[in-house]
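Participant: This is the structure, below, for whatever I ask next.
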There are 2 protein chains.
Amino acid sequence: MATGRNHRPATRSRGIPEATVARLPLYLRALTALSERSVPTVSSEELAAAAGVNSAKLRKDFSYLGSYGTRGVGYDVEYLVYQISRELGLTQDWPVVIVGIGNLGAALANYGGFASRGFRVASLIDADPAMSGKIVAGIEVQHTDLLERIIADNGVSIGVIATPAGAAQQVCDRLVAAGVTSILNFAPTVLSVPDGVDVRKVDLSIELQILAFHEQRKAGELDTEAADTAAPAAPPAVSVTRRAAEDADDDTEAGPDGDVPAVMPA
Amino acid sequence: MATGRNHRPATRSRGIPEATVARLPLYLRALTALSERSVPTVSSEELAAAAGVNSAKLRKDFSYLGSYGTRGVGYDVEYLVYQISRELGLTQDWPVVIVGIGNLGAALANYGGFASRGFRVASLIDADPAMSGKIVAGIEVQHTDLLERIIADNGVSIGVIATPAGAAQQVCDRLVAAGVTSILNFAPTVLSVPDGVDVRKVDLSIELQILAFHEQRKAGELDTEAADTAAPAAPPAVSVTRRAAEDADDDTEAGPDGDVPAVMPA
DNA sequence: CCATCTTTGTGCACGCTTTCACAAAGGCAT
DNA sequence: ATGCCTTTGTGAAAGCGTGCACAAAGATGG
């Protein structure tokens, strides 16, 4: 899951648990693939394997949506695609704006998975005047000054933030003030938003750090923690190393946080 | 969280719960920011606010690492930075390869948050011969043929997959065979890996779909589900719409899944 | 029409996570 | 020293999520 605010206080959004909602897109993807191969029905076992989950979990997930399966047969692929799409709100068009057209923003703009699921990139917005007018993914980049107008004119309710960390909160505030109520945040910052606004956070480096933790464990299963008991009270020495390592990348851009989701194109 | 395999069967990796591990990078980021402002100590309340979590949760998380706080005062920022870094394995150097240098791969290569946390991009790898030799983020792109040698020569244990979905499993298999034991997957596919290999998945479109779900709920709180009872049995009509929408983006590249994490550079 | 076989839908138990609430611990002023 | 005030560290409880295991439901063949 994207590490982010618990936008819903563990409340079920309508009887559908949050954990289930997070898996629906997974099922939808597997089902779409089956649909393309013209597979008419699928059992919970098969679909679970394709989605990489437990079959009991999958059945329970579907039970929250209603009983769409046929015992002894399985689920109707097309019908399930429809039901899940409807449940997720993908049967309607969602105009989206992407703010911060660096490498990551450009990658997002080009991302095929958006358009195929009802997400339409309504506008690309960047604060750099040099970016204005450039064509990215077939769309003209517009300046931040126009943000409010773009949101209003297109009825945008979902915004994607791919700016440096230092600009994220400010952009977020403007998006929210302009009417955006859902934000996907790629900037490595905790955004504060008023109630009623959902934020999901995707942090590329956090995922790697979690992998590193497990990797370290795997490697350390042989030597029984040598450095663990050593160096018990030497914080300053290490913090110097750390700071040095950070200076190395701060030459790119030095926001208040010193961290940037993706550097701007050269 | 990146929706991915539960690589550890809910087992605590050494007394440290998985949920806690996932939050450590969050704390680390907040602490690093404090460290840069030369703040000597911080209370659980303050740090929790900065990291966007509950203070009791934070204290419990830290209690798994040991008792590094001082009652009545708080936590020593530098010392905590050191302890968390060590726990996450960030005090050592992690060579990483990125496979698939499209927009997303390039964005990852340029991502400052990696280098600053001990992750060193050892190599960029792409299957497209036209990419070979190009310089991205100051690193020369190498051809997939060299994958095994690169992994071995650099002692890489962490691989990042940013290829189209169709190539992901194949790339994954080669990475694993070459010795990689941790994979960060951006391709929209379920990867199957042998035991002992960790996979974390980041899926950009899934996050948007989850937002859309909540967005729909917010919008639908007024009109009490009109379309819910309507159209109870019309699956074919919708599946046509769906298929049409997907053809729209398949002109880019048509893998077995029809979905691509980020299109290749033009 | 009945028996059999497959597969769904779900009650239940277990374990992880979160949160509360408070005693213990340490600093600080007097 | 003593007492007060702040903040940690942690039992205990409640809330979720997961997975087992099985009864109910439907298809299928004779």
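Participant: Given the structure, is B:GLN83 of a type in the set (S, T, N, Q) and more than 25 Å from B:VAL202 (Cα to Cα)?
Facilitator: Against the criterion (of a type in the set (S, T, N, Q) and more than 25 Å from B:VAL202 (Cα to Cα)), B:GLN83 qualifies.
Participant: Working only within region B:28-57, note down all residues that are within 19 Å of B:GLY15 (Cα to Cα) and within 11 Å of chain A (Cβ to nearest Cβ).
Facilitator: Passing the criteria: only B:LYS57.
Participant: Are there any pairs with C-beta distances below 9 angstrom linking a residue in region A:84-97 that is more than 15 Å from A:ARG29 (Cβ to Cβ) to a residue that is acidic (Asp, Glu) and surrounded by fewer than 18 Cβ atoms within 10 Å (Cβ to Cβ), with the two at least 6 apart or on different chains, and if so which?
Facilitator: A:ARG86/B:ASP228
Participant: Please tell me if A:VAL21 is in contact with a helix residue (DSSP H, G or I) (Cβ under 8 Å, 6 or more places away or on another chain), in a loop (DSSP other than H, G, I, E, B) and either at pLDDT below 95 or among the β-branched types (Val, Ile, Thr) (or both).
Facilitator: On the way: in contact with a helix residue (DSSP H, G or I) (Cβ under 8 Å, 6 or more places away or on another chain): yes; in a loop (DSSP other than H, G, I, E, B): no; either at pLDDT below 95 or among the β-branched types (Val, Ile, Thr) (or both): yes.
Judged against the criteria, A:VAL21 is not a match.
Participant: Does A:ALA130 fit the bill of being out of contact with any strand residue (DSSP E or B) (no Cβ under 9 Å at 6 or more places or on another chain), in contact (Cβ under 8 Å) with a residue 12 or more places away in the chain, surrounded by fewer than 23 Cβ atoms within 10 Å (Cβ to Cβ) and not assigned by TED's automatic domain parsing to the domain that holds A:VAL81?
Facilitator: Numbers: out of contact with any strand residue (DSSP E or B) (no Cβ under 9 Å at 6 or more places or on another chain): yes; in contact (Cβ under 8 Å) with a residue 12 or more places away in the chain: no; surrounded by fewer than 23 Cβ atoms within 10 Å (Cβ to Cβ): yes; not assigned by TED's automatic domain parsing to the domain that holds A:VAL81: yes.
No.
Participant: Within the bounds of region A:97-112, is there any residue that is in contact with a Lys or Arg (Cβ under 9 Å, 6 or more places away or on another chain) and open to solvent by 10 Å² or more (accessible area, probe 1.4 Å)?
Facilitator: Within region A:97-112, none of the residues are in contact with a Lys or Arg (Cβ under 9 Å, 6 or more places away or on another chain) and open to solvent by 10 Å² or more (accessible area, probe 1.4 Å).
Participant: Quick check on my filter: what residues within region B:158-190 are in a loop (DSSP other than H, G, I, E, B) and surrounded by fewer than 19 Cβ atoms within 10 Å (Cβ to Cβ)? Give the steps one after another, and end with the answer.
Facilitator: Step one: filter region B:158-190 for residues in a loop (DSSP other than H, G, I, E, B), giving B:162-164, B:179-181, B:186-190.
Matches in region B:158-190: B:GLY179 only.
Participant: I would also like to ask the following. Applying the selection to region B:63-87, what residues are more than 18 Å from B:ALA33 (Cα to Cα) and among the hydrophobic types (A, V, I, L, M, F, W, C)?
Facilitator: As a first pass, look at region B:63-87 and keep what is more than 18 Å from B:ALA33 (Cα to Cα): B:63-73, B:87.
The answer is B:LEU65, B:VAL73.
Participant: Of all residues in region B:47-91, which are more than 10 Å from DNA strand D (Cβ to nearest atom) and of a type in the set (Lys, Arg)?
Facilitator: Within region B:47-91, B:ARG86 is the sole residue that qualifies.
Participant: Can you report the number of residues in region A:30-85 which are more than 8 Å from DNA strand C (Cβ to nearest atom), among the acidic types (Asp, Glu) and open to solvent by 20 Å² or more (accessible area, probe 1.4 Å)?
Facilitator: 3
To keep it simple, each residue is scored yes or no on (1) modelled with pLDDT under 95; (2) under 24 Å from the mean Cα position of the chain (by Cα); (3) facing chain B (nearest Cβ under 9 Å).
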site: A:ASP153; (1), (2), (3): no, no, no
site: A:ALA168; (1), (2), (3): no, yes, no
site: A:ILE206; (1), (2), (3): no, yes, yes
site: A:LEU222; (1), (2), (3): yes, no, no
site: A:ALA230; (1), (2), (3): yes, no, no
site: A:VAL260; (1), (2), (3): yes, yes, yes
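Participant: Checking B:ASP198 against (1) touching a Pro at 6+ places or on another chain (Cβ under 8 Å); (2) at pLDDT 95 or above, only one condition comes out false. Which one?
Facilitator: Single failed check for B:ASP198: (1).
Participant: Take the conditions within 15 Å of DNA strand D (Cβ to nearest atom), hydrophobic (A, V, I, L, M, F, W, C) and at the interface with chain B (Cβ under 10 Å from one of its Cβ atoms) and apply them to A:VAL21. Does it pass?
Facilitator: yes
Participant: Report every pair of residues separated by at least 6 positions or lying on different chains whose Cβ atoms are under 8 Å apart, first residue within region A:58-78 and more than 11 Å from every other protein chain (Cβ to nearest Cβ), second open to solvent by 80 Å² or more (accessible area, probe 1.4 Å) and within 12 Å of DNA strand D (Cβ to nearest atom).
Facilitator: A:GLY69/A:ARG59
The values are calculated or read from the model by the stated rules, or taken from the named source; none is laboratory data. Just so you know, these numbers come straight off a predicted model, no measurement behind them. No Cβ is skipped: glycine too gets one built from the backbone with ideal geometry, and neighbour counts run over all protein chains shown. Just so you know, the surface numbers come from the protein's heavy atoms only, side chains and all, with ligands and any DNA or RNA stripped out. Shrake-Rupley method; radii C 1.70, N 1.55, O 1.52, S 1.80 Å.
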